[in-house]
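Written below as structure tokens is the structure these notes are about.
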Amino acid sequence: GESVGLHLPTLSVQEGDNSIINCAYSNSASDYFIWYKQESGKGPQFIIDIRSNMDKRQGQRVTVLLNKTVKHLSLQIAATQPGDSAVYFCAESRMDSSYKLIFGSGTRLLVRP
Amino acid sequence: GAVVSQHPSWVICKSGTSVKIECRSLDFQATTMFWYRQFPKQSLMLMATSNEGSKATYEQGVEKDKFLINHASLTLSTLTVTSAHPEDSSFYICSATVQGAIDEQFFGPGTRLTVL
């Protein structure tokens with residue numbers, strides 16, 4: 001069956017350091033990928049997305065890298081701040097499934113002050 | 001823009017009762033709305049996809065007679081958990097897409113359901 005992501009790990013980083021959160025996806029037909037941030041008791045918040053015709057996309061303090069060869073997605077957060085502490089989910093979708101999202105299992109990011 | 005709200009934000013009910021959760025797109029018309037369920041420390045699992053004026057499409061393993069979805073207008077979808085039981089306790093989240101941009105989903109804040 002389809003699956004996205006790894007078992008839920010926890011990443012602990014020092015404030016100011018860079019964070020890298022990884023995600024694996026299994027469906028090579030997926031053509032659109034999104035990273036979400038979810039704080040406790042809240043809905044997912046869009047961070048950044050990337051389409052399959054790209055391998056890198058940058059936003060403010062965040063960068064997403066896509067490696068289609070090994071079906072791997074990563075989220076890099078520069079100068080991590082305490083407000084970045086949350087659970088991060090990758091999600092995959094594809095146009096021929098009406099962009100239904102398949103979420104990965106998530107990574108908890110803890111930022112140490 | 002593109003704000004999605006849910007009501008209620010939390011609800012506690014007795015086993016056997018039915019609970020209705022509303023999902024509204026506040027400042028846009030939603031072509032499609034999605035309903036997700038999230039158990040503690042787990043990921044979001046898609047339950048169903050609903051389009052205005054048509055029957056919802058349920059994911060495999062989701063009981064359509066237990067989770068009734070009504071999408072009566074372009075700004076409102078409702079999820080009714082019928083005869084709720086403790087195992088239905090979960091965080092229910094909806095999302096909506098804007099007409100012409102179906103790849104981007106805007107998420108609501110979620111509804112915490114606790115069934116006693």
(request) Select, from B:H71, B:H85, the only residue that is crowded, with 17+ Cβ neighbours inside 10 Å, more than 19 Å from A:G41 (Cβ to Cβ) and out of contact with any helix residue (DSSP H, G or I) (no Cβ under 7 Å at 6 or more places or on another chain). (result) B:H71
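Which residues, taken from region A:26-47, are buried (at least 17 other Cβ atoms within 10 Å of the Cβ) and not hydroxyl-bearing (S, T, Y)?
Residues of region A:26-47 buried (at least 17 other Cβ atoms within 10 Å of the Cβ): A:30-38, A:43-44, A:47.
Correct list: A:D31, A:F33, A:I34, A:W35, A:K37, A:Q38, A:G43, A:P44, A:I47.
Per-residue answers, yes or no, for (1) in contact with a Pro (Cβ under 8 Å, 6 or more places away or on another chain); (2) surrounded by fewer than 17 Cβ atoms within 10 Å (Cβ to Cβ); (3) within 16 Å of B:F106 (Cβ to Cβ):
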site: B:I12; (1), (2), (3): no, yes, no
site: B:G16; (1), (2), (3): no, yes, no
site: B:V19; (1), (2), (3): no, no, no
site: B:L26; (1), (2), (3): no, yes, yes
site: B:Q29; (1), (2), (3): no, yes, yes
site: B:R37; (1), (2), (3): no, no, no
site: B:S43; (1), (2), (3): no, no, no
site: B:T49; (1), (2), (3): no, no, yes
(request) Return a yes/no flag: does region B:60-82 have any residue that is facing chain A (nearest Cβ under 10 Å), in contact with a strand residue (DSSP E or B) (Cβ under 6 Å, 6 or more places away or on another chain) and not hydrophobic (A, V, I, L, M, F, W, C). (result) no
(message) Name the single residue that is farthest from the other protein chains (Cβ to nearest Cβ) among those in region B:37-59 being charged (D, E, K, R) and under 30 Å from A:T107 (Cα atoms).
(response) B:R37
(request) For A:S52, indicate whether it is among the hydroxyl-bearing types (S, T, Y) and closer than 24 Å to B:Y58 by Cβ. (result) no
(message) If a residue counts only when it is at pLDDT 95 or above and of a type in the set (S, T, N, Q), which strands (runs of 3 or more DSSP E) contained entirely in region B:33-116 have at least 2 such residues?
(response) B:76-81, B:90-98, B:111-115
(message) Looking at region A:27-44, can you tell me whether even one residue there is more than 30 Å from B:A56 (Cα to Cα) and at pLDDT 95 or above?
(response) no
(request) Please state which of the following conditions A:D55 fails to meet, knowing it meets all the rest: (1) surrounded by 12 or more Cβ atoms within 10 Å (Cβ to Cβ); (2) within 30 Å of B:P8 (Cβ to Cβ). (result) (2)
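Could you check region A:1-80 for strands (runs of 3 or more DSSP E) lying wholly inside it with 3 or more residues that are away from chain B (no Cβ under 14 Å) and either in contact with a strand residue (DSSP E or B) (Cβ under 7 Å, 6 or more places away or on another chain) or on the phi > 0 side of the Ramachandran plot (or both)?
Here the list reads A:10-14, A:19-24, A:62-67, A:72-77.
The values are calculated or read from the model by the stated rules, or taken from the named source; none is laboratory data. For clarity, every value in this text was computed on a predicted model and none was experimentally measured. FYI the Cβ positions are ideal-geometry reconstructions off the backbone, even for glycines, and counts take in every protein chain you see.
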